[in-house]
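The block underneath contains the structure these notes are about, expressed in structure tokens.
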Amino acid sequence: MYYPYIRGKQFDLLALNEAINRGFLSRKIQPIIEPVRDSATIKKTIHLFQKKDRPLYVIENPQVGQYKLFEEPIHTWQFQEGNAVQPARIVTSENALESLERLAPLYLFDDNQPLRAPSELQKFAELDGKKLIPDQSRFRIWFPENKIILTDAFHHPERSSDYYTKSDDFYSDNHLYFKEDGYSGFSDYTIDERIYQDKGFPSPVITLHITYFDAYGNIRIKHFYSDSNDTWGNQAGKFFEALEKLASWIQKNADQLLLTEGLRELLAYRVTQKFPGLGSIKKWSLLHHLELISAYLDKGDCWKEDSVKR
């Protein structure tokens, strides 16, 4: 079972909506959303999952972003009893006692403010809720069952220009070994980092981040970057430079790749010659990632069969 951890940014949520509406999201994928902004899109996403009765966890005590600052958010929602959309809690050293009193179907343990008292860890171990834990020994020991490993699989370099020297990177093999390692599921921050930044910083380089399976079944990630990066302007031109590299790579490796709807949407911009904006680029790249993992979870080693159907 895959539990993608998604901060509630606009285009990340739109990628989830696309995955549900297009019917590409496996039922073995149960997203976790941490609200970061008070937006209509997060409410729409929650209602969509409720309507479709698809599993979704929503953090009720977000730790990053602007949403946690609002005492009375404009956009609110209610969890419906018996529905697949459920609340989750982030557990820190500061709110441990409160979290023990507020029973939740899923607990996420913050490795920035970790619990250290054995008595507290023991109490959480006795609760029925799932435990989303970092790859640290004390959590593995205290939670022998019902645990999900959370890793930071996407490694963003200090400078975007570093993609010149490392355009292909290992992403994860947790989907292959999580059961063998004693976990009931695996989780990551998809094609984003654990460290949250509320607003993106401008960059002279535009990069497309695309996950894929290698010959050994590991997930790797390719970074397709622009070339004309001496100035900060011409964002459209930079996008099409990166897109041409992506198109060439797909053409050369078509027999080894899953041509997802996310990739098709990106490639369609070569025909329209329309620059969609960085948000839409992230949306289609994330949709591709969700489709890729869905194909593996539903088809196993036969995940490539989905390309034949499309």
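The values are calculated or read from the model by the stated rules, or taken from the named source; none is laboratory data. Predicted, not measured: the structure shown is a model, and the values here were computed from it. Quick reminder, even Gly has a Cβ in these numbers, built from the backbone with ideal geometry, and neighbours come from all protein chains shown. The area values use the complete protein model at the heavy-atom level, side chains included, leaving out ligands, DNA and RNA. Shrake-Rupley method; radii C 1.70, N 1.55, O 1.52, S 1.80 Å.
Can you give the charge dipole size of the chain about its Cα centre, rounded to the nearest 20 debye, using +1 on the beta carbon of Lys and Arg and -1 on the beta carbon of Asp and Glu?
Numbers: 40 positive and 44 negative charges, 165 e Å.
I would put it at about 800 debye.
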Zone residues, region 91-115, relative to Ile141, backbone N less than 20 Å from point 7 Å out along Cα-to-Cβ:
93, 109-115
Over the chain, with a Gaussian network built from C-alpha contacts below 10 Å, which listed residue (Glu98, Glu193, Glu34) shows the highest mean-square fluctuation?
Glu98
Among His175, His288, His156, the residue with the largest mean-square fluctuation in a Gaussian network model of the chain built from Cα contacts under 10 Å is His156
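Write down the percent of antiparallel bridges among all DSSP beta bridges whose residues are both part of the chain, to the nearest 5.
Numbers: 11 of 37 bridges.
Rounded to the nearest five, the antiparallel share is 30 percent.
May I ask you to rank Glu265, Glu126 by accessible area, largest first, using a 1.4 Å probe over the protein chains only? Provide the component values of the computation, followed by the final result.
Values: Glu265 50, Glu126 125 Å².
Heavy-atom accessible area, descending, gives Glu126, Glu265.
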Build a GNM of the chain with springs between Cα atoms under 10 Å: which of Ser93, Ser187, Ser26 gets the top mean-square fluctuation?
Ser93
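Kindly report the accessible area of the chain per residue (heavy atoms of protein chains, probe 1.4 Å, no ligands, DNA or RNA), in Å².
Result: 48 Å² of accessible area for each residue.
Given 0.36 nm per residue, what is the gain on full extension from Asn21 to Glu94 after removing their alpha carbon distance, in nm? Intermediate results must be reported in sequence, preceding the final value.
Working: separation 73, 0.36 × 73 = 26.28 nm, distance 3.91 nm.
Length difference between fully extended and current span is 22.4 nm.
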Quick calc, Asp169 & Glu101: beta-carbon distance into FRET formula, R0 35 Å, rounding 0.05, result 0.25
Multiply the residue gap between Asn112 and Lys44 by 0.36 nm, knock off their C-alpha separation, and tell me the result in nm, one decimal place.
21.4 nm
Over the chain, what percent of the accessible surface lies on carbon and sulfur atoms, probe 1.4 Å?
48
How do the peptides 115-123, 278-286 rank, highest first, by the average count of neighbouring beta carbon atoms within 10 Å per residue?
278-286, 115-123
Would you please give the residues with an amide H less than 5 Å from that of Asp188, counting only those at least 5 places away or on a separate chain, with H modeled from the backbone geometry?
Tyr3, Tyr5, Thr151
Largest-first ordering by accessible area, 1.4 Å probe, given options Leu14, Leu257:
Leu14, Leu257
Computed from the beta carbon distance with a Förster radius of 51 Å, FRET efficiency for Arg264 and Glu126 to the nearest 0.05 stands at 0.60
Taking only Cα atoms, what is the 0 to 90° angle, nearest 10, from helix 40-52's long axis to the longest principal axis of the chain?
80
